Amino acid sequence: MKISFCITYYNQEQYVKDSIKSILSLEIPIDFEVLIGDDGSSDGTLKKIEEFKPFFGNRMKIYVMPRDDSIKHDPIIRSSANRLNLLKRASGDFVMFLDGDDYYCCTKFLKQAIEILMTHSHFVAIGFSYKKVFSNR
């Protein structure tokens, strides 16, 4: 069994550390991979992501969508395409999506999530509690 963590970024350099470190801190009871989808960031997002490759080795794969800055892009369409690209490449039995400016707070929820999904095969998604954090507060 395997989990695919799919993280999408676009110019979110300041959040990379928190989002990726939150995966490193999880108690992951099965095999996993980390798939990163970058929407053509022009800040230091990709450089920051690369700093974490040694922690994951071949479990981390980075996919960059080309971006033509002379075109006005629809952010909803781009973020959806980014997620779908990662989903197509995911090899896990379970998939977890994380936006680049989000991070996991609870380190132990995966065991419970896997038990629920294994017990209730008709479930397709599970939600857990979350906390909103704003940098200006």
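Calculate the dipole size of the chain relative to its Cα centre from +1 charges on Lys and Arg beta carbons and -1 charges on Asp and Glu beta carbons; express the result in debye to the nearest 20.
Values: 19 positive and 18 negative charges, 38 e Å.
The dipole magnitude comes to about 180 debye.
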Inset, instruction - With a cut-off of at most 15 other beta carbons within 10 Å, and DSSP calling the residue loop, which trypsin sites (Lys or Arg not before Pro) in segment 19-118 qualify? Please list them. - result: Arg67, Lys72, Lys108
Legend entry - Under 5 Å, built H, 5+ apart or other chain: amide partners of Ala90: none
Legend entry - Principal-axis tilt of helix 13-24 within the chain, Cα atoms, nearest 10 degrees: 20
Inset, instruction - Taking H placed 1.01 Å from N in the peptide plane, check which residues at least 5 places from Phe97 or on another chain put their amide H under 5 Å from its amide H. - result: Cys6
Inset, instruction - Report, in degrees rounded to the nearest 10, the 0 to 90 angle that the Cα long axis of helix 109-119 makes with the longest principal axis of the chain. - result: 60
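In Å³ and rounded to a whole number, note down the convex hull volume per residue for the Cα atoms of the chain. Walk me through the numbers before you get to the answer.
Details: hull volume 17.3 nm³, N = 137.
Output value, Cα hull per residue: 126 Å³.
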Inset, instruction - Convert each backbone phi in segment 69-84 into a coupling constant with the Karplus relation 6.51 cos²θ - 1.76 cosθ + 1.60 (shift: θ = phi - 60°), then list the ³J(HN,Hα) values in order as whole Hz, x for Gly and Pro. - result: 6, 7, 10, 7, 9, 7, x, 5, 5, 5, 5, 5, 4, 4, 5, 5
Legend entry - Positive-end residue of Ser91, Gly44, Ile3, charge dipole of the chain with Cβ unit charges: Ile3
Legend entry - Amide H partners (placed H, <5 Å) of Phe32, local residues excluded: Ile3
Legend entry - Probe 1.4 Å - accessible area at Phe97, Å² to nearest ten: 90
Legend entry - Gyration tensor (alpha-carbon) shape descriptor, segment 66-137, a/c threshold 1.5: oblate
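The values are calculated or read from the model by the stated rules, or taken from the named source; none is laboratory data. In this text, all values refer to a predicted model and were calculated from it rather than measured experimentally. Note that we place each Cβ from the backbone using ideal geometry, even for glycine, and neighbour counts take in every protein chain shown. Just the protein is used for accessible areas: all its heavy atoms, side chains included, with ligands, DNA and RNA removed. Shrake-Rupley method; radii C 1.70, N 1.55, O 1.52, S 1.80 Å.
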